[in-house]
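The values are calculated or read from the model by the stated rules, or taken from the named source; none is laboratory data. In this text, all values refer to a predicted model and were calculated from it rather than measured experimentally. Quick reminder, even Gly has a Cβ in these numbers, built from the backbone with ideal geometry, and neighbours come from all protein chains shown.
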Amino acid sequence: MTQEIYDMAVIGAGGAGTMAYLRGVLNNNRVALFTGDADSKRKGRATWVLEVDNMPGMHGIKRPITKTSSETLKWLKDQETLGERGTVFKSKVTSIKRDGDHFVLEHESRKGSETLLARHVVLATGIMDVQPGIGGSIEPILPFANRGEAIYCVRCDGHQTMGHTVSIIGRSDTAIHIASMLMDRYGHESFPVLTNGPGATFSEEAAAVAKLYGIEIHEQPIQQVLGDDDSGLQGFQLVGGARIESTRTIIALGIIAYNQLLTSLGGEVDGQGKAIVNESFESSVPDLFVVGDLVAGKKMQIYTAWDEAVDAADQIDRRVRARKREARRAATH
């Protein structure tokens, strides 16, 4: 039996991936969605977004990205006319290879290893923030991150620093620029930068900004996170005895780009490992699109991810329809 070739395979079921899958199915294309396994979901940024303040209609929804994604998948499955156009695989894609006019995707599930064929692929595998190692482990910061007291996106959550003593953990110019921006925006009088050890690099421009704003840079390693479940984040104890008061902290240590499937095909990425794409979000690998946080030079926001996903899915739909038109022409001659 000839194996089915899907019009589109979407890898990743966060906000961007779910939107690409939704748009593809609504376009009446044959679409596969890979949600990932338990481990890849745990490493996905969307899983750790507990609430969203900067999107209309999402206030008060707990874990809004995972919740809206699961509700969308359920709704599609229940649609009589479109339900069979999409198939959800609760498995992780481990490799992609090009085979003529389509891709071969290997994916792992509890059933073992399987393959799926698709003419177009949409990568929505995203990124993850680098966590600060404290005493050789990232575990000390995680309880405070889970409660929203350690902040990773200042566009999303910078307003939550208002009324708090704040700090930022970072080792590059980005930390200085975030601190000065939030001081201007929210009126913080101080905003210490913790490099969590020596070796941080700041340009002359950033050093001048730090001096202008009175931003203190502390190079001692963080020895302990201060606070608990009852009191919340209270600050940081540094090696050598210094104590930094802080009831909110920004983590600005960079990202881990989940780009392995793209780079395995020679896809072009920037210095952060993010995908370089064209106006339709097609990567340098023909017919392989990238949407969401993994896209270079775009805001890492839900609304931009949705827009990217629709553009990619619609471009794929144009190619699917063009292929049908060519087949129609060939049949009439």
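Out of curiosity, is D287 acidic (D, E), touching a helix residue (DSSP H, G or I) at 6+ places or on another chain (Cβ under 9 Å) and either without any contact (Cβ under 8 Å) to a residue 12 or more places away in the chain or not assigned by TED's automatic domain parsing to the domain that holds V122 (or both)? In short, no.
Applying the set (1) within 23 Å of D129 (Cα to Cα); (2) hydrophobic (A, V, I, L, M, F, W, C); (3) at pLDDT 90 or above; (4) surrounded by fewer than 19 Cβ atoms within 10 Å (Cβ to Cβ) to I5 leaves exactly one unmet item: (1). Out of everything in region 102-137 that is of a type in the set (G, A, S) and farther than 19 Å from T87 by Cβ, what residue ends up being surrounded by the fewest Cβ atoms within 10 Å (Cβ to Cβ)? Here the residue is G136. Among the criteria (1) modelled with pLDDT of 95 or more; (2) of a type outside the set (A, V, I, L, M, F, W, C); (3) crowded, with 18+ Cβ neighbours inside 10 Å, the one S264 does not fulfil is (3).
If I filter region 271-280 for residues that are over 25 Å from G133 (Cβ atoms) and of a type in the set (K, R), do I get at least one hit? No, the conditions are met nowhere in region 271-280. Among the residues making up region 137-196, those that are farther than 26 Å from V239 by Cα and within 25 Å of the chain's Cα centre (by Cα) are C153, V154, R155, C156, D157, G158, H159, Q160, M181, L182.
Checked against (1) within 23 Å of T174 (Cβ to Cβ); (2) touching a helix residue (DSSP H, G or I) at 6+ places or on another chain (Cβ under 8 Å); (3) surrounded by fewer than 19 Cβ atoms within 10 Å (Cβ to Cβ); (4) not assigned by TED's automatic domain parsing to the domain that holds G266, D53 passes all but condition (4).
When F202 is tested against (1) of a type outside the set (A, V, I, L, M); (2) within 29 Å of N146 (Cβ to Cβ); (3) under 28 Å from the mean Cα position of the chain (by Cα), just one condition goes unmet, and that condition is (2).
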